[in-house]
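S.K.: Below is a structure I'd like to ask you about.
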Amino acid sequence: MFTELKKLFLEKEYRLFLILFLWLLIGFTIFQFKDFLPIWVGFIVFVPLLVMCAILFIMSLIFRANLKELTLKRTIIYCLIAAVIVIILIYIAAVLFLFLFTLAIISYVLITATFYMYTCYNYSVDIDEKIIKIGGIGRPILRAGVFLGATIISLAIMLIIVILGINWGRTTGEIRFSFDAIAMAMAIIMIFLLVVGIIALLRGKLNAWLGLFFLFVCIYYLYLMISAFYILRSDSETAYDIGPRLILYVFDVLLIIYTTTGLIGTKTEVLSEKLKFIKSDAVLMWLFFSKAAYEFAKEGIENINVAAFNAIAGLILFVALFFIAGLYGIKAYGKRKKDTNESEDQMISQ
């Protein structure tokens, strides 16, 4: 992440992305602490950003423009065009923008949840691979210890989550939501994946990464549930305490930074290969647009509780992704180890 962040700030080809990235963080910060600033300041920041991202997204998606090759002069021109077009779009494209807002909000939840789940798997496997490279007689014991230790800690955290879910499910006020049911679903899925991992172990395949995967998932799910609780509780229309707000704000900013940097550098090449019809620049533009649309819609669209929708959708989607990613990870890791062993056998035979 730090390597990509350094590229974002220092390399000239990422100047446009840096401008939009900082623009997004400024607008996000204004809306998060709107009690201390006039609300219209946030609108002035976000509305041109939305149009700018939409224009650049279309340029990259349809016209296949390479956004990294834009000069500073052209970047400024596009910013000015965006500021002018937004005035027109406010009057003639209200329905289109409402559709884009809805699509953007859903896609932002999907992108961030999928990205984090994929990262949880990769980090877990990478750590396990580093342990494997240590070698020695104690390696199996160390891997088993990491697996059991991380799993026990994860189950303890999940127990806390279930208890909190049971208590919080009774205090969400106007918007009733079953925190307890969702938390129980997470716990059941974790136990199910643990059983699958044990079955794989009996067949000679130790998925030591699975314990770390559980731990990373629990940490992020706890964040999602705390965030949802503060949004859905009975006094959600009033500002909650500055302490929890700062913690959630920092976590959100880190998530924006990580997701953004994850689409910069070598990962963009991999992404472009996977998504033949969509350039990585277009994906990054859509990420900026979807986050800006969510923050803007949360404050600017009346009669629609966007924050509540995001909180509920995020929790439910994350549970589904946890189940899919866990099964896929066990299968993919087994195939990966099989291919590695076959390659090693061929090298030995030669």
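S.K.: I need every pair where a residue in segment 176-199 that is over 17 Å from GLY329 (Cα atoms) and free of Cβ contacts under 8 Å to residues at least 40 places away in the same chain has its Cβ under 6 Å from the Cβ of a residue that is among the hydrophobic types (A, V, I, L, M, F, W, C) and not in a helix (DSSP H, G or I), sequence separation at least 6 or different chains.
M.R.: Cβ pairs passing all conditions: none.
S.K.: Scanning for something of a type in the set (A, V, I, L, M), more than 29 Å from MET59 (Cβ to Cβ), more than 20 Å from the chain's Cα centre (by Cα) and modelled with pLDDT under 65, does segment 327-347 turn up at least one residue?
M.R.: Yes, there is a match, as at least one residue in segment 327-347 is of a type in the set (A, V, I, L, M), more than 29 Å from MET59 (Cβ to Cβ), more than 20 Å from the chain's Cα centre (by Cα) and modelled with pLDDT under 65.
S.K.: Taking interchain pairs and intrachain pairs at least six residues apart, which have beta carbon atoms under 7 angstrom, with the first residue in segment 30-59 and farther than 16 Å from LYS291 by Cα and the second modelled with pLDDT under 75 and of a type outside the set (Asp, Glu)?
M.R.: The qualifying pairs are ASP35/ALA239; MET59/ALA65.
S.K.: Test ALA282 against the criterion of being modelled with pLDDT under 80 and in contact with a helix residue (DSSP H, G or I) (Cβ under 6 Å, 6 or more places away or on another chain), and give yes or no.
M.R.: yes
S.K.: Still on this structure, I have one more. Condition (residue is among the charged types (D, E, K, R) and either at pLDDT 90 or above or buried (at least 19 other Cβ atoms within 10 Å of the Cβ) (or both)) applied to segment 141-148: is it met by at least one residue?
M.R.: Among the residues of segment 141-148, at least one is among the charged types (D, E, K, R) and either at pLDDT 90 or above or buried (at least 19 other Cβ atoms within 10 Å of the Cβ) (or both), which makes the answer yes.
S.K.: Further question: For TRP168, are the conditions met, namely being surrounded by 15 or more Cβ atoms within 10 Å (Cβ to Cβ), under 25 Å from the mean Cα position of the chain (by Cα) and modelled with pLDDT under 80?
M.R.: yes
S.K.: Here's a follow-up. I'd like to know if segment 174-186 contains one or more residues that are modelled with pLDDT under 85, surrounded by fewer than 22 Cβ atoms within 10 Å (Cβ to Cβ) and outside any loop (DSSP other than H, G, I, E, B).
M.R.: yes
The values are calculated or read from the model by the stated rules, or taken from the named source; none is laboratory data. Since this is a predicted model, take the numbers as computed values, not measurements. All Cβ positions, glycine included, derive from the backbone under ideal geometry; neighbour counts span all protein chains shown.
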